[in-house]
1. So how long is each side of the range 222-359 along the principal axes, counting just the alpha-carbon atoms, biggest first, in Å?
2. Tell me, what is the FRET efficiency for GLU298 and ARG83 to the nearest 0.05, using R0 = 56 angstrom and their Cβ-Cβ distance as r?
3. Just subtract the alpha-carbon distance of ALA319 and ALA346 from 0.36 nm times their residue separation and send over the number in nm, one decimal.
4. With every protein chain in place, what's the accessible area of SER202 (1.4 Å probe, Å², nearest 10)?
5. Please list the non-local residues whose amide H lies under 5 Å from the amide H of ALA305, H modeled 1.01 Å from N, same-chain partners needing a gap of 5 or more.
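The values are calculated or read from the model by the stated rules, or taken from the named source; none is laboratory data. This one's a predicted model, so the numbers in the text were calculated from it and none came from an experiment. Note that each Cβ is placed from the backbone with ideal geometry, even for glycine, and that neighbours are counted across all protein chains shown. Side chains included, ligands, DNA and RNA excluded: accessible areas come from the protein's heavy atoms. Shrake-Rupley method; radii C 1.70, N 1.55, O 1.52, S 1.80 Å.
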Amino acid sequence: MHAPVTHRPTHTMSHVRSVALALLAALSFTGLFTGPARAADGDATWTVRTAANSYGDDRSSFSYAVNPGGQVKDAMVVANHGRTPLRLAVYAADGYTTEAGGLDLLTKDKKSVGVGAWVHAEEADIVIKPGKAAKVPFTAAVPADATPGDYVGGILTSLKQADDAQGINVDRRLGIRVKLRVGGTLKPRLAIENAHVEYEGSLNPFAKGDATLTYTVHNTGNTILSGRQAASVSGPFGLLRSGADPIAATPELLPGESRDVTVPVHGVTPAFRLAATATLTPALTDASGSVTPLEPVEATTHAWAIPWTLSLLVLVLGAGIAAAVLLVRRRRAQRKVREDALVQNAVEQALRDRETQQN
């Protein structure tokens, strides 16, 4: 997709602080628009779009399938909508998934090892006259020893301007996403790691509590993957199961990336020993854009959920019942002792009376 990228400032010698000015954050996997990306700030206004050629006339991004050692040639069109000539740097950079789930690109000072290292524009700097557009050819050359799988980055135009008032240099970037699928064996895999569950009960002995399940989704394969998520908590033998509310799918993760997930589960019965299960159904997108669900993966973790208030109540009731039983037994024993004493006295009295009569 055509996508502007966050402005990256660089410090001048006279100031230590920096300022980040953001353009429309549209360089994401899902995208919000399909028209040309536009950067506008003060006197700097330009757009970027894909060139019309054999790859397509109205593409939202650059996407190629290339075997190791192969290459493709394409072009980006840059238009100057300002009133003054525009000098822009052109370069490529690797992408990464942000905390918000979108795609961002490495800054020029950080080393790229994929798209950013393989994609090269014919011109590193271009000058565009006001109201004019220029086609910027580039080549994506994949090394012969490249590992098969998906690589994502972008080709960028960059304008650095000094802000004398702030004492900084501001780097305004505008780019288009580039996805390369290097030929070979694809190994789409998502793993659930570091699963952990905690239970929080209630003082009400008859109320249910809440559980919090945390885990990490890790893309351990070589393809871009997202995943549908589900979670549940149950007691022993799968009884008293409570399901989590619908969970948003993970953003598309690049190979090697991971994402921490926290899932609340309400209405959990404190069944002493809980089993919390997270289920992840990976989704693989092919070159045509079709999405194929893969075999689900699961991870289960356990935690104690002892109903202390209810247990204390049961203990008190049990102690009360035991005390009552002991009291009844004691009274019965005491009554029997008295009855036995009365019988013994009666027998002795009868013997004495009989002896008196005989005398």
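1. So the three principal-axis extents are 127, 23, 22 Å.
2. Between GLU298 and ARG83 the formula returns 0.40.
3. Full-extension gain reported as 5.7 nm.
4. Roll a 1.4 Å probe over it and SER202 shows about 60 Å².
5. PHE272, ARG273, LEU274
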